[in-house]
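Notes follow once the structure below has been shown.
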Amino acid sequence: MKTMSMTLWPALALGCLACGCNEQLALSTLDVNGVTREYGIVVPANPPEGDHRQAGPMPLIVAVHGGGGRGSFPEMSLFEELADQEGIVVVYPQSNQREGNEGEWQLNTQPDSRHDLDFIEALVDRVSADHAIDPKRIYATGYSLGSMFVYELACHLGSRFAAVASHAGTMPVVTHDCPAETPVALMHLHGVNDTIIPYAESWDWKRWASVGPMLAIPSLIDFWSDTYSCQEQRQPASSSSQHTVHEACDGDVRVEHHRLTGVGHEWPETVNGTSTHRLIWNFLSEFSKN
């Protein structure tokens, strides 16, 4: 088991600096249980017409930033273009460091530590009240620590999210509480050269017993494919990644994984010739709640 030093969060912040997170958001505020939380939002200025956009309310993507990444997200300008092109609302929740917490987003959520989950639910409700959001097409994506928190959403808020996609994160080996009662389609991207969140090794979260050791990525994929009782596995042809698809899963979801060759912790510009933001949307947009 690999032991990480206490410089984890500065390292994660440096990882964000290397991934194109240099754009800054204008932030709005939301009161959640007496705490002021912040978020950024992108609404399409001129939602397009045509066959590529489903009629009716717009889909929503919740994009969760990494450690030290407040006010930014990888490929933000491309996600903004995507919002205009496809008629999507993109919202960027901002972390809130709590005293005694292990990081900027709560991991291994328990009944007495739902502050971030409560924030996300309140945020989805706020955006849905302000804009025409399709409740069947609510999605999440995350980077680094944000990728880790995305799995908290899959564990606890599966009734709200149709699909999630993330890069360069993982989840605890032992989850205190992950009911995962409603299946959520998942796609995980991870670089085999990642020295911050190792690909093939479990690692210790120093000092924070509430989180504990973190899963190696193959074990992360196995956790979700087993949780959803996926019956079939295939590997489509790919060039820059080893692409594995677990399907015939509960709830008609899929668990997909891109094992990225020659990639570290940084957010890749493309995967198999497709822009990473577009790859993520192509996956998310296949799923909707019944």
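The values are calculated or read from the model by the stated rules, or taken from the named source; none is laboratory data. Source: prediction; values computed, not measured. No Cβ is skipped: glycine too gets one built from the backbone with ideal geometry, and neighbour counts run over all protein chains shown.
Counting only residues that are surrounded by 13 or more Cβ atoms within 10 Å (Cβ to Cβ), in contact (Cβ under 8 Å) with a residue 40 or more places away in the chain and either in contact with a helix residue (DSSP H, G or I) (Cβ under 6 Å, 6 or more places away or on another chain) or in a loop (DSSP other than H, G, I, E, B) (or both), how many does the stretch 207-242 have?
The total comes to 8.
Let me spell it out: the conditions are (1) outside any helix (DSSP H, G or I); (2) more than 21 Å from TRP105 (Cα to Cα), and ASP194 meets all of them except one. Which number is the exception?
Of the numbered conditions (1) outside any helix (DSSP H, G or I); (2) more than 21 Å from TRP105 (Cα to Cα), the odd one out for ASP194 is (2).
Checking ALA200 against (1) in a loop (DSSP other than H, G, I, E, B); (2) crowded, with 17+ Cβ neighbours inside 10 Å, which single condition isn't satisfied?
(2)
Going by the structure shown, is ASN101 closer than 21 Å to CYS178 by Cα and touching a Ser or Thr at 6+ places or on another chain (Cβ under 9 Å)?
It is true that ASN101 is closer than 21 Å to CYS178 by Cα and touching a Ser or Thr at 6+ places or on another chain (Cβ under 9 Å).
Assuming ALA168 fulfils every condition listed in (1) touching a Ser or Thr at 6+ places or on another chain (Cβ under 8 Å); (2) on the phi > 0 side of the Ramachandran plot; (3) at pLDDT below 95 apart from one, which condition is it?
(3)
When residues of the stretch 57-78 are filtered for being among the charged types (D, E, K, R) and in contact (Cβ under 8 Å) with a residue 60 or more places away in the chain, how many remain?
1
Looking at the stretch 57-107, which of its residues are buried (at least 20 other Cβ atoms within 10 Å of the Cβ), in contact with a strand residue (DSSP E or B) (Cβ under 7 Å, 6 or more places away or on another chain) and assigned to a helix (DSSP H, G or I)?
PHE79, ALA83, listed by residue number.
How about the stretch 248-265: which of its residues are among the acidic types (Asp, Glu) and either farther than 18 Å from GLY158 by Cα or not in a strand (DSSP E or B) (or both)?
Selection gives ASP250, ASP252.
Residue by residue, here is whether (1) out of contact with any Lys or Arg (no Cβ under 6 Å at 6 or more places or on another chain); (2) surrounded by fewer than 24 Cβ atoms within 10 Å (Cβ to Cβ); (3) of a type outside the set (D, E, K, R) holds:
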position: PHE119; (1), (2), (3): no, yes, yes
position: GLY158; (1), (2), (3): yes, yes, yes
position: ALA162; (1), (2), (3): no, no, yes
position: VAL173; (1), (2), (3): yes, yes, yes
position: ASP194; (1), (2), (3): yes, yes, no
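Tell me yes or no: at least one residue of the stretch 273-284 is assigned to a loop (DSSP other than H, G, I, E, B) and in contact with a strand residue (DSSP E or B) (Cβ under 8 Å, 6 or more places away or on another chain).
no
When ASP204 is evaluated against the numbered criteria (1) out of contact with any helix residue (DSSP H, G or I) (no Cβ under 8 Å at 6 or more places or on another chain); (2) under 18 Å from THR276 (Cβ atoms), which criterion, by number, is the only one it fails?
(2)
List every residue pair whose Cβ atoms lie under 6 Å apart, where the two residues are 6 or more positions apart in sequence or sit on different chains, the first residue falls within the stretch 79-107 and is closer than 18 Å to LEU145 by Cβ, and the second residue, located anywhere, is assigned to a helix (DSSP H, G or I) and of a type in the set (A, V, I, L, M).
Close Cβ pairs satisfying both conditions: VAL91/VAL127; PRO93/LEU123; GLY103/LEU145; TRP105/LEU145; LEU107/MET148.
So, ALA237, is that one closer than 30 Å to LEU82 by Cα, out of contact with any Phe, Trp or Tyr (no Cβ under 8 Å at 6 or more places or on another chain) and at pLDDT 95 or above or not?
Criteria not met by ALA237.
Just wondering, is there one or more residues in the stretch 180-187 that are without any contact (Cβ under 8 Å) to a residue 60 or more places away in the chain and within 26 Å of ASP112 (Cβ to Cβ)?
There is at least one residue in the stretch 180-187 that is without any contact (Cβ under 8 Å) to a residue 60 or more places away in the chain and within 26 Å of ASP112 (Cβ to Cβ).
Check the stretch 2-18 and report whether any residue there is modelled with pLDDT of 75 or more, in contact with a Gly (Cβ under 8 Å, 6 or more places away or on another chain) and not small (Gly, Ala, Ser).
Looking for residues that are modelled with pLDDT of 75 or more, in contact with a Gly (Cβ under 8 Å, 6 or more places away or on another chain) and not small (Gly, Ala, Ser), one finds none in the stretch 2-18, hence no.
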